[in-house]
Amino acid sequence: MGRRPTRAGHPAISPSPVVQREARRARAELAFDNQSLLVPLFGQFDANLVQVENRLGVFISARGDRVLIEGPEDSVARARDTLQSMYDRLALGQELDAGAIEALIVMSNEPALDGILSEENGGPPIMIRTRRKTIVPRSATQATYMRSLARDDIIFALGPAGTGKTYLAVAQAVAQLINGSVQRLILSRPAVEAGEKLGFLPGDMKDKVDPYLRPLYDALYDTMPPEQVERRLASGEIEIAPIAFMRGRTLADSFIILDEAQNTTREQMKMFLTRFGQNSRMVVCGDPRQVDIPGGDRMSGLADAVEKLEGVEGFGTIRFTAADVVRHPIVGRIVEAYEGPG
């Protein structure tokens, strides 16, 4: 059997005879109307097509505005849906990078894929628009989460790192701050010491706690131009502070996010939840399996709050698993290896 054609920058790999026989089981062809989108669709040296090939075990050949997919029937169907979703994403003016492609590949295996990018009954697509980007769900659970962010007063987002819990909450908060539906954005985390004592760190209190809040800053700068972030931080429209700074306040007309909530005590969690004021929304993010406070799981305010409040009107609870990790695919495998099935 001949070797498959080599794309520049990628080694040719001859599949085994068994794989080659399976590859003849199905074939699909796609045609794309807008030829200006073909270069970003295929990627440099067809890198995007190679990514889909390697993940789904198919062969893809591109000729002009047409793409031919060959391989096992299920894989061909998933590759076809993935390529169409990639093209649709570009047509909407959205970014297409390796992470987005990986997410679309994962979503191609979701039974509810048709409902992920569009609401039921022909409604608008599920997306969050910020000044820097338009964000669409990268998994079925993210789609459910984004609906909850737009609907529920208080949301518990539970699951491992890399599933988009905090990032999507910050994006929704930024979108609502921009459109004026809230007046303030408040981001908080417990400053849990990890081997060092805060008192031994250099600088004032802000310098001491800022490292614990860095992930919140990162999400903020990714969804809003830096000069706007700085201006709104200076004016108090955006506040980033440890949870201890929330005591004694009532937070009205605000979008409030608590990150790493598994490291709050029961008293801290009760205090935080009762800060909720008129015309506000609150998102509590955390991984119940990563409790770092003394006493472990039994002392975690997150687990206690979910147990008490899940199912109460106005509360939403979203549970992510390793399958929802949207970083590099190996991150999901690392989570599964360390934690086992959810």
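Coordinate-derived values only; no laboratory data. It should be emphasised that the depicted structure is a prediction, and the values quoted were computed from it without experimental measurement. Reconstructed Cβ throughout: ideal geometry from the backbone, glycine too, with neighbour counts over all protein chains shown.
Between the amide H of Ser280 and those of Asp253, Ser254, distances stay under 5 Å, these residues lying 5 or more places away or on another chain, with hydrogens modeled in the peptide plane. Simple spin-label estimate for Val312 and Arg333 gives 4.2 nm between the two label positions (7 Å along the Cα-to-Cβ direction from each Cα). Put a dot 7 Å past the Cα of Asp74, heading toward its Cβ, do the same for Ala252, and the two dots end up 5.6 nm apart. Note that the stretch 64-81 has calculated 3J(HN,Hα) couplings of x, 9, 10, 10, 10, 10, 10, x, x, 4, 4, 5, 5, 4, 5, 5, 4, 5 Hz, one per residue in order, obtained from phi through the Karplus relation 6.51 cos²θ - 1.76 cosθ + 1.60 (θ = phi - 60°); glycine and proline are x.
Put the Cα centre of the stretch 50-74 next to the Cα centre of the stretch 251-293 and the gap is 45 Å. Relative to the 2.2 N^0.38 Å rule of thumb, the stretch 262-325 has a C-alpha radius of gyration ratio of 1.17. Annotation: Cα Rg of the stretch 48-95 relative to the compact-globule expectation 2.2 N^0.38 Å equals 1.12.
Relative to the current alpha-carbon distance between Arg214 and Lys270, full extension at 0.36 nm per residue lengthens the span by 17.7 nm. Here Glu227 and Asn54 are evaluated by their C-beta separation; at R0 = 51 Å the FRET efficiency comes out at 0.80. Once the C-beta distance of Arg129 and Leu38 is scaled by a Förster radius of 22 Å, the resulting FRET efficiency is 0.25 to the nearest 0.05.
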